[in-house]
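What follows is one structure encoded as structure tokens, with my remarks underneath.
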Amino acid sequence: MNILKNTFAVGSVIAMLSCQSSGPKDIALGKDQCDNCRMTISALGYAAELVTDKGRAYKFDDIMCMNMYEGSNPDQAKNAKLYVVDYPTGKFIEKSKATFIKGGSIKSPMGGNTQAYQNKAAAQKAAAALGAGLTK
Amino acid sequence: MFRILFLFFPVLIFSNVLRVGKNEQFKTIQQAVAASKSGDSILVESGVYREGNINITKPLTLIGIGRPVLDGEMKHEILSFRGHHIVLKGFKIINSGQDEIKNIGAIRLYDSHFSVIANNIFENNYFGIYIQRGYRCLIENNRITSSRSKSQEGIGDGIHAWVSEEIWIKNNYIEGHKDGIYLEKVTDSYIYRNFSKKNLRYGLHFMSSNDCVYVNNTFDNNNAGVAVMYSNNVGMAGNSFINNWGDANYGLLLKDISFSKIKQNRFSNNTIAIFMDGATKVDFFRNNFEDNGWAMKINSNCMENKFINNNFINNTFDVGTSGTMAMNDFKRNFWDKYEGYDLNKDKIGDVPFHPLSLYAVLVENNPAIMLLFKTFFVDLLDKTEKIIPSLTPENFKDEEPLMKKVIS
């Protein structure tokens with residue numbers, strides 16, 4: 001009985017370890033490449049990530065790059081989860097839950113010039129300060 | 001004689017020389033600039049000048065005598081050029097301010113035409129020279145170094161040009177910036193004999209910049225020597241791409257470019273000498289590839305490129321590719337791995353050379369196979385593949401490999 005219990009415990013640990021979390025992977029700044037434009041990712045605030053349903057993460061240095069990649073690689077983009085970086089904290093959030101501001105004096109690596117915010121009030125405040133507009 | 005005098009006549013009458021220094025008429029450059037008229041010259045004696053931002057809106061010539069120092073105290077954009085025909089020579093410009101959104105740097109040109117920045121030393125700045133909508137400007141003989149940051153976020157580019165035309169960048173030395181030279185939406189420009197070393201990202205970076213030429217530059221020990229992206233008609237000749245070692249490091253990175261020529265360059269000691277992604281109609285002539293990990297990595301979306309008369313010497317892999325490489329043309333190159341013969345003595349090998357080894361194909365698909373590098377097993381695989389091709393594309397070959405090195 002005891003053996004069975006132990007086997008079950010060990011087995012469940014292995015199962016948990018082998019199931020990778022499907023969330024976004026960390027970006028190594030200055031090392032990782034954007035999968036769309038091949039530039040090294042150097043500004044975390046504008047980064048984005050596409051995680052396929054198989055758990056493979058594609059990293060981008062600009063939200064526009066992710067949009068371009070989505071358009072040109074429908075196979076990978078199908079059922080994929082999209083993440084963007086909350087500009088003030090540098091943490092990943094789901095793209096569907098983010099508020100975007102665009103334009104003004106924002107200058108992103110590939111010219112998408114978009115920042116994402118988790119908090120809508122913070123986005124409005126930043127937009128006013130940078131002369132940008134809310135996109136949704 | 002009279003004619004020559006007549007030629008200088010207007011200059012002699014209308015332009016003045018203003019002197020700045022401890023024992024001179026003006027104590028600060030700001031005062032001299034305020035008192036000057038269009039076309040005047042300002043001579044600045046040696047010393048340290050901490051004057052915040054100096055804004056120049058009219059044609060002026062600023063000349064430093066004994067290399068005066070302009071210190072931005074880590075807060076200011078030191079010089080702003082907001083007029084045409086401004087000349088700056090012989091200064092040392094240090095400690096500019098830093099701002100990620102405004103991109104401030106040591107010198108910024110706002111819509112400036114025909115300006116010259118020559119013989120200056122830039123140290124410890126965020127951006128060195130930032131050109132915004134410039135036209136026919138010359139950046140020459142400057143030494144631009146910085147050691148402000150070890151990471152790419154904390155520093156700007158040495159020379160950054162944005163939406164400009166006909167910019168000449170010659171004989172500069174650039175070290176420790178993010179990109180040595182960054183051209184964004186710049187056309188008809190000429191980059192000649194610069195030395196770009198140890199920059200955190202690229203030595204030279206083209207972004208949507210068409211019709212430019214860069215000649216005889218050296219790119220040493222950058223993350224990538226040169227990155228040419230989303231550009232057409234770029235000429236690259238006589239450059240050296242050396243010592244770009246690292247995981248994702250390239251000598252030359254070509255991304256979505258077309259109609260370009262790459263001639264007589266030297267690629268040595270790079271992890272990947274040339275990485276091509278979406279490059280079409282690019283001609284490679286008389287380049288030397290020596291001692292690289294990969295001489296070329298060509299993604300399968302590259303088409304109609306020509307590789308003629310290049311030397312491939314002592315590279316671990318000559319070519320790597322992700323696909324079948326049907327549409328590219330290799331001809332009359334010298335490959336040191338070629339083991340053919342030349343019976344009719346026309347200096348061209350009688351059997352074609354297949355630059356893509358089976359091992360390179362396997363490594364491309366599964367990097368872990370690198371473990372087997374230089375083992376008997378791999379030799380055996382390659383030999384077998386030569387006799388009975390199964391995985392390497394049959395149409396990918398050099399029909400006329402040269403028996404001797406091309407001298408370029």
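What the table below lists for this structure:
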{"item": "The one condition in (1) within 14 Å of chain A (Cβ to nearest Cβ); (2) among the basic types (Lys, Arg); (3) within 18 Å of B:Gly156 (Cα to Cα); (4) surrounded by fewer than 24 Cβ atoms within 10 Å (Cβ to Cβ) that B:Lys197 fails to fulfil", "result": "(1)"}
{"item": "In region A:103-122, residue nearest to A:Gly23 (Cα to Cα) [restricted to those that are open to solvent by 40 Å² or more (accessible area, probe 1.4 Å) and more than 14 Å from every other protein chain (Cβ to nearest Cβ)]", "result": "A:Gln118"}
{"item": "Test: A:Met64 is open to solvent by 40 Å² or more (accessible area, probe 1.4 Å), under 24 Å from B:Asp99 (Cα atoms) and more than 10 Å from every other protein chain (Cβ to nearest Cβ)", "result": "yes"}
{"item": "Identity of the residue in region A:37-55, touching a Gly at 6+ places or on another chain (Cβ under 8 Å) and at the interface with another protein chain (Cβ under 7 Å from one of its Cβ atoms), that ends up surrounded by the fewest Cβ atoms within 10 Å (Cβ to Cβ)", "result": "A:Thr40"}
{"item": "Any hit, region B:112-131, residues being in contact (Cβ under 8 Å) with a residue 24 or more places away in the chain, more than 33 Å from the chain's Cα centre (by Cα) and surrounded by fewer than 17 Cβ atoms within 10 Å (Cβ to Cβ)", "result": "no"}
{"item": "Flag for A:Lys31 being modelled with pLDDT under 85 and surrounded by fewer than 21 Cβ atoms within 10 Å (Cβ to Cβ)", "result": "yes"}
{"item": "Output for region B:206-251, where each listed residue is within 12 Å of chain A (Cβ to nearest Cβ), open to solvent by less than 10 Å² (accessible area, probe 1.4 Å) and either in contact with a Gly (Cβ under 8 Å, 6 or more places away or on another chain) or touching a residue at least 60 places away in the same chain (Cβ under 8 Å) (or both)", "result": "B:Asn222, B:Ala224"}
{"item": "Matching residues in region B:250-278 - criterion: being more than 24 Å from B:Asn221 (Cβ to Cβ) and out of contact with any Ser or Thr (no Cβ under 6 Å at 6 or more places or on another chain)", "result": "B:Asp256, B:Phe259, B:Ser260, B:Lys261, B:Gly278"}
{"item": "One residue from A:Lys95, A:Lys125 being free of Cβ contacts under 8 Å to residues at least 12 places away in the same chain and more than 14 Å from chain B (Cβ to nearest Cβ)", "result": "A:Lys125"}
{"item": "Lone qualifier among B:Asp336, B:Asp342 - being at pLDDT 90 or above and out of contact with any Phe, Trp or Tyr (no Cβ under 9 Å at 6 or more places or on another chain)", "result": "B:Asp342"}
{"item": "Test: residue in region B:88-96 that is modelled with pLDDT under 95 and buried (at least 24 other Cβ atoms within 10 Å of the Cβ)", "result": "yes"}
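For (1) surrounded by 15 or more Cβ atoms within 10 Å (Cβ to Cβ); (2) closer than 27 Å to B:Asn288 by Cβ, each residue gets a yes or a no:
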residue: B:Leu371; (1), (2): no, no
residue: B:Lys386; (1), (2): no, yes
residue: B:Ser390; (1), (2): no, no
residue: B:Leu402; (1), (2): yes, yes
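The values are calculated or read from the model by the stated rules, or taken from the named source; none is laboratory data. Computed from a predicted model, the values in this text were never measured in an experiment. Methodologically, a virtual Cβ is constructed for each residue, glycine included, from the backbone with ideal geometry; neighbour enumeration extends over all protein chains shown. Remember, those area values only see protein heavy atoms, side chains included, never the ligands or the DNA or RNA. Shrake-Rupley method; radii C 1.70, N 1.55, O 1.52, S 1.80 Å.
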